[in-house]
Amino acid sequence: MPSRETVDAYAFINGIEIVSMPNNLYYTSAQISVGVNYIGSENTFRIDNGTALEMVYRFNVGGRLLVSNQDTGMYETRMASKMRTTKYSAPEELYHTGRSMGKNKTINKSYNLTWEFPVDPKFFYLLRLHFCEFEPDITKPRDRQFQIFIANQTAEEAWDIIAWSGGNGRPIYKDYVVFMPAGPGSQKKVNLSLALQANPKDFMTNFNDAILNGLEIFKLSDTSRNLAGPNPDPPPLTPPKMSPKISKKSSTSLIAIVAGVVSGLLVLVSVLGIFLAVRRGGKVKDSSSSQGTTWGPFSFPAIHRTYGPSYLCRYFTLAEIKAATRNFDDSFIIGVGGFGNVYKGCIDDGATLVAIKRLKSESSQGAHEFKTEIELLSQFRHRHLVSLIGYCKDGNEMVLVYDYMSRGTLASHLYHTDNPPLSWDQRLQICIGAAIGLHYLHSGTKGTIIHRDVKSTNILLNEKWVAKISDFGLSKMSTINTSKTHISTMVKGSFGYLDPEYYKRQRLTEKSDVYSFGVVLCEVLCARPAVMHNVELRQINLAEWAKSCHRDGELDQIIDPSIRGEIEIQSLNKFVEIAMSCLNDGGIERPSMNDVVRGLELAFQLHRNCFERSNEVAFNNDSAAATNESIQCISETIFSEINDPNGR
């Protein structure tokens with residue numbers, strides 16, 4: 001309807017589409033409160049009935065172009081009243097083709113299947129990934145598990161199509177929502193990336209491979225019900241220059257030359273087409289051998305290999321940061337560290353809670369640590385590493401924006417707190433998660449990353465008590481090999497957690513992190529800081545005190561009284577064994593983080609086994625039994641099962 005306020009106003013419409021729609025793609029029942037997985041957040045994203053969706057890409061990954069009359073539901077040429085919309089909003093043929101990485105496990109671990117889609121910034125997007133296992137070798141759960149990254153953030157740690165669909169040949173789709181911020185500068189488009197990575201853990205899957213059948217991407221309208229992106233660049237104002245006239249004789253010669261070139265190109269293209277047609281064989285295509293084709297009316301950019309999701313770190317303006325924190329209001333401060341104040345804030349119209357760390361002008365850590373944190377966290381995504389959302393660099397202002405960790409630090413649940421004490425079960429799971437994060441830094445990346453500041457205040461906990469390693473400002477990355485087993489560097493870290501070998505010789509290795517983590521394990525067991533000044537001399541340094549009590553068979557002196565009644569003795573012994581081995585003076589005598597993870601998992605298994613047998617297991621008052629002798633009595637057969645991939 002045209003506006004009545006203006007005489008010359010008029011209304012117009014370009015077109016109307018009426019399409020059939022599969023259940024739950026657009027219409028949301030009032031009784032359904034479960035939303036879609038929201039990438040980069042612990043919460044879900046609910047698409048209400050006032051949200052408009054614009055389809056921007058539809059992609060048949062492994063097959064040919066599928067026209068509308070082959071679709072099942074949307075953009076169907078037949079009348080909707082004469083058909084039933086099927087459960088799956090994709091053509092049947094889509095689920096008979098797909099793209100995988102290939103059969104070579106070693107090569108598969110060195111690259112990802114990655115796609116990039118130019119999209120309008122400052123909008124939420126719904127991604128629907130279509131899967132179906134149809135290869136005869138893939139029939140059981142864990143046959144093929146892989147990781148999914150969307151917009152360079154972890155969407156799935158171990159996606160298993162068989163486990164979720166219920167069997168071979170059963171199609172399934174999974175929905176995700178992601179927000180695409182504007183990049184630095186005035187970009188009209190930003191790249192929305194999707195990456196599939198083979199599970200690097202051989203014991204988790206039989207085939208280190210990944211597969212995708214189809215993909216749909218929908219743009220969601222913003223809070224003002226708008227779907228319009230940035231205006232296109234206007235045409236040039238100056239007319240194009242006229243080419244000089246060519247003589248009739250020259251024109252004839254030019255036409256002959258062009259005709260010859262075109263004929264040659266046609267012959268070449270024909271031969272190439274025949275060659276590719278002969279090479280096309282199996283339905284599932286390896287990414288190294290061919291390219292996918294589009295499914296629907298939109299063109300699709302080519303797939304390419306990458307050694308990690310290419311990161312477009314989100315850039316925030318200072319105005320956005322001030323809006324999220326109400327101009328750095330002190331009431332929003334949730335923590336203070338060497339870097340500066342940490343604020344709780346909201347971005348994306350209040351949809352996302354974040355932690356905002358602001359560098360104070362007199363900070364001794366400075367711009368180098370700021371740059372290090374961005375460079376490292378922008379490359380890696382892991383369940384047990386804190387996620388960097390973006391940053392702001394405006395003059396002297398340096399700000400980092402992270403996922404909000406609602407439970408705070410591990411230290412805040414151990415001592416100097418009004419929080420209820422953690423159970424032994426919770427402490428074990430938190431320690432296992434943090435150990436997995438450190439193991440990933442040491443072994444899961446192309447180079448070894450040494451954190452250099454592992455401590456209980458740098459282990460954060462989300463709403464579900466998942467532990468995440470944070471604060472990478474002091475981290476060092478090195479391609480350590482057989483000819484170089486350490487990094488020579490100035491000593492940095494936190495007093496009470498420093499590896500004595502690193503402190504004395506300035507030789508930094510991943511075993512320096514192992515020592516610091518051993519101190520954290522002692523903090524978890526004792527519920528006290530690494531260093532205390534209002535105690536006896538022998539108790540000032542927690543690591544030294546714990547080792548002394550362990551040698552003297554006085555372990556009961558250091559155990560947190562709030563958990564004594566719930567610790568199973570074998571679980572305690574294994575936990576103490578791991579902690580003490582981490583605190584060995586020589587780095588070569590300490591375990592790797594992989595060994596630490598396995599030892600803690602065994603301690604957790606022993607605890608759970610005992611808990612299942614009885615809910616009222618009493619703590620053995622003779623805690624002195626946890627000496628070196630009793631620790632050595634742990635069954636080696638149990639540990640060997642952990643080493644056996646089939647047992648895991």
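Worth a mention:
- Any hit, region 106-127, residues being within 28 Å of SER387 (Cβ to Cβ), among the charged types (D, E, K, R) and touching an Asp or Glu at 6+ places or on another chain (Cβ under 6 Å): no
- Test: THR417 is over 23 Å from GLY587 (Cα atoms), surrounded by fewer than 16 Cβ atoms within 10 Å (Cβ to Cβ), modelled with pLDDT under 95 and of a type in the set (Val, Ile, Thr): yes
- Search result, residues across region 104-134 that are touching a residue at least 24 places away in the same chain (Cβ under 8 Å) and assigned to a loop (DSSP other than H, G, I, E, B): LYS109, SER110, TYR111, ASP120, PRO121, LYS122, CYS132, GLU133, PHE134
- Of the residues making up region 181-209, those that are at pLDDT below 90 and aliphatic (A, V, I, L, M) number 4.
- Residue within region 502-513 that is hydrophobic (A, V, I, L, M, F, W, C) and at pLDDT 90 or above present: no
- Of everything in region 356-392 that is crowded, with 18+ Cβ neighbours inside 10 Å and more than 25 Å from HIS439 (Cα to Cα), the residue that is modelled with the lowest pLDDT is GLN365.
- Each residue in region 96-110 was checked for being surrounded by fewer than 19 Cβ atoms within 10 Å (Cβ to Cβ) and either of a type in the set (S, T, N, Q) or within 21 Å of the chain's Cα centre (by Cα) (or both), and 4 of them qualify.
- Single residue of region 447-480 satisfying the filter (β-branched (Val, Ile, Thr) and without any contact (Cβ under 8 Å) to a residue 60 or more places away in the chain) that is nearest to SER41 (Cα to Cα): THR479
- Taken together, the residues in region 575-609 that are closer than 16 Å to GLU544 by Cβ and part of a helix (DSSP H, G or I) amount to 5.
- Residue list for region 514-545, restricted to those being aliphatic (A, V, I, L, M) and assigned to a helix (DSSP H, G or I): VAL514, VAL519, VAL520, LEU521, VAL524, LEU525, LEU537, LEU542, ALA543
- Some residue of region 43-51 being assigned to a loop (DSSP other than H, G, I, E, B), surrounded by 10 or more Cβ atoms within 10 Å (Cβ to Cβ), among the charged types (D, E, K, R) and at pLDDT 75 or above: yes
- Residue check, SER571 over 18 Å from LEU414 (Cβ atoms), surrounded by fewer than 20 Cβ atoms within 10 Å (Cβ to Cβ) and not aliphatic (A, V, I, L, M): no
- Residue that is farthest from the chain's Cα centre (by Cα), among those in region 314-353 that are over 28 Å from PHE495 (Cβ atoms) and among the hydroxyl-bearing types (Ser, Thr, Tyr): SER331
The values are calculated or read from the model by the stated rules, or taken from the named source; none is laboratory data. Since the model is a prediction, treat every value here as computed from it, not as a measurement. Please note: Cβ atoms are built from the backbone with ideal geometry, for glycine as well, and neighbour counts cover all protein chains shown.
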